[in-house]
Amino acid sequence: MNLILLGAPGAGKGTQAEVISEKLGIPQISTGNILREAVKNGTECGLKAKSFMESGALVPDEVVIGILKDRIAEDDCKNGFILDGFPRTVPQAEALEKMGVNIDLVLSIDVDDEVIKARISGRRVCEKCGASYHIEYHPTKVEGVCDKCGGKAAQRKDDAPETVVERLATYHKQTAPLADFYAARGKLKRVKGLDGVEETSKVVLEAINA
């Protein structure tokens with residue numbers, strides 16, 4: 001099954017993608033993690049993406065699509081995948097269709113902006129493997145240490161309050177229209193993002209299996 005997760009920054013897409021990945025046995029593909037790794041390694045793509053990411057703006061389509069094409073061609077995607085963070089615009093969704101990538105289901109996790117602003121300050125992301133945590137809802141077993149790989153779990157620069165406001169504005173302008181795009185194709189399901197990770201996971205998995 002090929003899935004897309006939609007939702008504003010801080011809606012919990014990353015954590016839910018991990019849950020779905022484990023349940024269905026398909027890889028989670030986070031373009032955000034791939035781009036951040038490219039920035040960290042100083043690659044050509046990373047240098048192009050860096051200024052956009054730090055300001056909260058969207059990385060240009062040609063940069064993201066080039067990375068994604070290579071990723072979904074890998075062997076672990078043969079039985080399906082979860083796209084977390086792509087597409088972010090209707091032109092990107094159209095490009096995905098032109099690539100011949102079939103999407104079975106698009107799941108939108110809906111959370112109010114004010115809830116996101118309050119929630120996001122507690123988010124922590126592993127600097128090594130990209131695993132996502134929250135100090136209240138999904139804490140690491142050892143503070144500041146990733147459960148999966150032992151890397152440092154810290155607050156990202158683009159989770160700073162002023163950047164979050166900009167990211168939400170960008171989301172509503174450029175990414176939210178994707179819901180209508182996929183609804184018109186009969187592939188959209190919406191779920192309410194709840195406070196607890198387990199509660200949200202329950203409604204997410206029910207929506208996938210319905």
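The values are calculated or read from the model by the stated rules, or taken from the named source; none is laboratory data. All values reported here derive from a predicted model rather than from experimental measurement. Reconstructed Cβ throughout: ideal geometry from the backbone, glycine too, with neighbour counts over all protein chains shown. To get the accessible areas, we keep the full protein, side chains included, count just its heavy atoms, and leave off ligands, DNA and RNA. Shrake-Rupley method; radii C 1.70, N 1.55, O 1.52, S 1.80 Å.
Residues checked against (1) within 23 Å of residue 178 (Cβ to Cβ); (2) open to solvent by 10 Å² or more (accessible area, probe 1.4 Å):
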position: 14; (1), (2): yes, yes
position: 17; (1), (2): yes, no
position: 20; (1), (2): yes, no
position: 36; (1), (2): yes, yes
position: 54; (1), (2): no, yes
* To do: Test residue 179 against the stated conditions and say whether it is part of a helix (DSSP H, G or I), small (Gly, Ala, Ser) and open to solvent by 40 Å² or more (accessible area, probe 1.4 Å).
  => no
* Asked: Of the numbered conditions (1) at pLDDT below 90; (2) in a helix (DSSP H, G or I); (3) within 16 Å of the chain's Cα centre (by Cα), residue 70 satisfies every one except a single condition; which is it?
  -> (3)
* Asked: Is there a residue being of a type in the set (A, V, I, L, M), closer than 22 Å to residue 198 by Cα and part of a loop (DSSP other than H, G, I, E, B) anywhere in segment 144-152?
  -> no
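Go over the candidates 154, 210, 169 one by one and state the one that is farther than 22 Å from residue 32 by Cα and either of a type in the set (A, V, I, L, M) or modelled with pLDDT of 85 or more (or both).
None of the others qualify; the one that does is 210.
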* **Search result, residues across segment 64-94 that are out of contact with any strand residue (DSSP E or B) (no Cβ under 7 Å at 6 or more places or on another chain), in contact (Cβ under 8 Å) with a residue 12 or more places away in the chain and open to solvent by 20 Å² or more (accessible area, probe 1.4 Å)** => 65, 66, 67, 69, 76, 79, 88, 90, 91
